[in-house]
Amino acid sequence: FSPSTPPTSDLLDLTVTIATAKLADKKLSPSCVALLSSLLSSLGSKHTHSALERVFAAMPKIPSPIAHEALLGLLSSYTSDVGAKKFGQAGLKVLCEYLFSAASHSNPKVKAASSSLVALLHKQMGTPFKLLLLSSPSAKSSAAVKSTFEEIIAKNPHDASAAPSGGGDDEDEDEEPLDVPRADLFASLPKDVLANLAMLEGKNAWKTRLAAMEAITASLKSASHLITSSANVHELLRGLKERLNDSQSNLKPKAANLIAATISSLSAQDAAKCFKLVSTPLMSVSLTDNKKPMRDAAFTALQKCVTMPEGTGQTGTNKSALENCVPALLLCLKNGDAKGAGVPEVLTYFATKASELNKFDPAATTTKEAMREQ
């Protein structure tokens, strides 16, 4: 079997029945674990939940802590070897339910094993796993366990290097990004926040602009940096673009940081599209601003904008956003920014990213002649 030809429903039932029946037997438990491991390996991320649902349905009938400890050990090994994403969206949801059950077990070894798995899953996936776990139906009726999981998550922050690289089958490469709940950024913001962000009248207008930025930052945090794209978000980015040249110098780096925070809170596809709204001015500031702290803030923001948003559960470069960055770079160089103090650093960065621009086609752009010349 393989992800492209998964086992039939009857064979899944038979395999799970055999494996779970003797999972508590000290002599046979290793063989049962090996059987379940082989079963999971034969399923793609879109089908893993079928096996997990059957396994977790059988576990309440097995009171022995040996079985639960063995299962949690298997799931931890599987996560370490092939990555949490291989469980798929549906698989992660049923796994989260089982983790609440295991964490409520009377045996301390089972509790410890469930805590270790939560830590590993969060290290690999970050916010998407956190939201799936804490929004699980069992979270409402298990406040104490939920609180424990929140502490574990806080002590084990997301670390992209924790996920295995290069693993998995080719057939599973078209796996869809996790569908995590996203919020409307403006639902909790004052209606005049965009007007306040653009406020220029009055001696203390800069304080009004600062307060607007702080309110937006707080709203992003409240939404766990998972927001939907909208016309208001587009207007926000246009407003922040203007603040990159704010008359109050301390607001300029804040604007750059907030642009990056907003874009990295969107889905990968929306982030790439919205980045077009700010890519050229952000690039220009990175290349030419007279003050190095501001150049650094803009350049850091630019790099964050072309990195996969954490909320997607994916790591590495957002190639669509990176490709959208190239026209901005060339336009800035053509318009006189080539002598800016930040040029060497920016060009060095893009040189390291050149291999990821394999889909970029200058001939397909509206400024193809200028880009070829550059």
task = For region 243-255, take each phi angle, set θ = phi - 60°, evaluate the Karplus expression 6.51 cos²θ - 1.76 cosθ + 1.60, and give the result in whole Hz per residue in order, putting x for glycine and proline.
result = 6, 5, 10, 4, 5, 8, 4, 6, 8, 5, x, 5, 5
Average Cα contact separation per residue, the chain, under 8 Å, 6 or more apart, as relative contact order % = 11
key: Cut-off under 5 Å, modelled amide H: who pairs with Ala183 long-range   = Leu226, Ile227, Thr228
note = Length gained, Lys292-Asp192, 0.36 nm per residue minus C-alpha separation, equals 32.7 nm
inquiry  = Test of understanding: extend the Cα→C-beta vector of Asp179 to 7 Å, then name every residue of region 228-257 with backbone N under 17 Å from that spot.
reply    = 228-229
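In the chain, what percent of the accessible surface is made up of carbon and sulfur (1.4 Å probe, ligands and nucleic acids excluded)? Walk me through the intermediate numbers first.
Numbers: 9530 of 18250 Å².
Here it works out to 52 percent.
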inquiry  = Output wanted: per-residue J couplings in Hz (rounded whole) for region 55-63, from phi through Karplus 6.51 cos²θ - 1.76 cosθ + 1.60, θ = phi - 60°, x for Gly and Pro.
reply    = 5, 5, 5, 7, 5, x, 7, 10, x
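Residues of the chain: accessible area per residue at 1.4 Å, in Å²?
Details: 18250 Å² over 374 residues.
Per residue, the chain has 49 Å² of solvent-accessible surface.
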Over the chain: helical MRE at 222 nm, DSSP H runs n ≥ 4 each giving -39500 (n - 2.57), nearest 500 = -19000 deg cm²/dmol
remark   = In Å, the C-alpha Rg and Dmax of region 1-151 are 14.5, 42
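Subtracting the Cα-Cα distance from 0.36 nm times the residue separation, let me have the gained length for Ser165 to Gln269 in nm, one decimal.
Working: separation 104, 0.36 × 104 = 37.44 nm, distance 2.26 nm.
Length gained between Ser165 and Gln269: 35.2 nm.
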query = Per the Kirkwood treatment, what hydrodynamic radius in Å, one decimal, follows for the chain from the mean inverse distance over all distinct Cα pairs?
reply = 23.2
remark   = Residue by residue through region 222-236, the couplings from Karplus 6.51 cos²θ - 1.76 cosθ + 1.60 with θ = phi - 60°, in Hz, x for Gly and Pro, are 4, 8, 6, 6, 9, 10, 8, 7, 7, 4, 5, 5, 4, 5, 4
Thr317 long-range amide H proximity, modeled H, under 5 Å = Met308
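The values are calculated or read from the model by the stated rules, or taken from the named source; none is laboratory data. Bear in mind that the values here come from a model prediction, so they are computed numbers and not experimental data. A quick note on method: Cβ atoms are made from the backbone with ideal geometry, for glycine too, and the neighbour counts reach across all protein chains shown. Protein only, heavy atoms only, side chains kept; ligands, DNA and RNA dropped before computing areas. Shrake-Rupley method; radii C 1.70, N 1.55, O 1.52, S 1.80 Å.
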